[in-house]
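Data first, discussion second: the structure below is written as structure tokens.
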Amino acid sequence: MQTDLRGRDLIGDLDFSKEEVETILDVAWDLKRKRALGEPHAYLRDKTLAMLFFFSSTRTRGSFESGMAQLGGHAAFIESRTTQISHGDTEKELGEIFGRYFDGIAIRHVDMGIGNRYLNLVAEASRVPVLNMQCEIYHPHQCLADLMTIMEKKGRNLRRRKMVVSWAYASSYLKPMSVPQSLILQMPRFGMDVVLAHPPEFKLMPDIMEQAREQARKYGAGFEVTDNMEEAFKDADVVYAKSWGPLMTTQDPDEGKQIQDKYKDWITDARKMALAKEDAIYMHPLPADRDVEVTSEVMDGPNSVVFDEAENRLHAQKAVMALTMR
Ligand code: CP
């Protein structure tokens, strides 16, 4: 068990080794049990977290903010537009100054080609951990909650379990690629056979794909890519189907929407779920476009674990904060 995570950043999913991720999960389950029993667990008394948002959020803000309070500390919600960032405060100022005010800096910045760089530059200038609340490449805290949820439902040994990471149609906006990218990087390390399904225009970043293949080789797990959603669902233990923008093809919102609209039949419905194993779980990080991306019948049905998954954001993030910010 690797226990010394003090001072560490979590920006990319592979920043922590598999053994370190296992430590985070152990601590997350302990914190979940303590909260269920009403046992105090103020491991971060008097500590503070800056939460800097460049993009909207429901779950991420709520779970980080509540998690810090439950750990005995305080989280400051800082919306980037209310700061002096547009008037000259650079990543260096943010890292240097917030690093002196706070014990951790959490950032959400999903702009293509900008967000991940921003986080890394703040981290370079900061004396305290920088935690990624989602950038355009990774969503590591979502992925830790996903892994925790899968283990709760399918057992800790996930070897040879089939997980489909599928694109799904949504009409609301071009969603970031960070969730599927985090999943294909992390899940092979835990032995899952990952099948990635998407229409041709929805490829993920080439270097992430290469790293995912490398993780699958290293850990003896399967990793396949298909453009057939139904084929991918066959005999799956875990169905994780969500939308993302065709951002490797175009970053123009109108052109992207035209491409997306060709694939309206990529909806997760009961017929497709029936192709997976009978006890397959349906996962989605939320928000989902109800009855567009997934039918309400599936999302509210017996195979759906979306609310347990959302809850686990709280426990997984508390574990990361307690281990890195103490
Ligand atoms: N899943 C997730 O990150 O949700 P929010 O965008 O609401 O934070």
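The values are calculated or read from the model by the stated rules, or taken from the named source; none is laboratory data. These figures come from a predicted structure and were not determined experimentally. Here the Cβ positions follow ideal geometry from the backbone for every residue, glycine too, while neighbour counts run over all protein chains shown.
Of the residues contained in the stretch 166-176, none is found to be buried (at least 24 other Cβ atoms within 10 Å of the Cβ), within 13 Å of the chain's Cα centre (by Cα), within 15 Å of the ligand (Cβ to nearest atom) and more than 22 Å from Met273 (Cα to Cα).
Every condition in (1) within 16 Å of the ligand (Cβ to nearest atom); (2) among the charged types (D, E, K, R); (3) under 22 Å from His141 (Cα atoms) is met by Arg326 except one, and the failing one is (1).
In the set Leu52, Leu121, Leu131, only one residue is touching a Lys or Arg at 6+ places or on another chain (Cβ under 9 Å), under 20 Å from Thr324 (Cα atoms) and within 16 Å of the ligand (Cβ to nearest atom); that residue is Leu52. Kindly indicate whether Glu93 is surrounded by 14 or more Cβ atoms within 10 Å (Cβ to Cβ), part of a helix (DSSP H, G or I) and either among the acidic types (Asp, Glu) or at positive phi (or both). The answer is yes for Glu93.
Going through the stretch 134-159 one residue at a time, which ones are within 16 Å of the ligand (Cβ to nearest atom) and of a type in the set (S, T, N, Q)? Give the derivation first.
Narrowing the stretch 134-159 to residues within 16 Å of the ligand (Cβ to nearest atom): 134-150.
Once the filter is applied, which keeps residues that are within 16 Å of the ligand (Cβ to nearest atom) and of a type in the set (S, T, N, Q), the stretch 134-159 yields Gln134, Gln142, Thr149.
Total residues in the stretch 58-79 satisfying the condition of being surrounded by fewer than 17 Cβ atoms within 10 Å (Cβ to Cβ), of a type in the set (Gly, Ala, Ser) and within 16 Å of the ligand (Cβ to nearest atom): the figure is 2.
Within the stretch 136-191, restricting attention to residues that are polar (S, T, N, Q) and assigned to a loop (DSSP other than H, G, I, E, B), which residue is modelled with the lowest pLDDT? Don't jump to the end; show me each part of the working.
Residues of the stretch 136-191 polar (S, T, N, Q): 142, 149, 157, 166, 171-172, 178, 181-182, 186.
From what's left, assigned to a loop (DSSP other than H, G, I, E, B): 157, 171-172.
Values: Asn157: 98, Ser171: 90, Ser172: 84.
The residue in question is Ser172.
Looking only at residues that are free of Cβ contacts under 8 Å to residues at least 40 places away in the same chain and not in a helix (DSSP H, G or I) in the stretch 8-40, which one is farthest from Lys153 (Cα to Cα)? The extreme case among them is Pro40.
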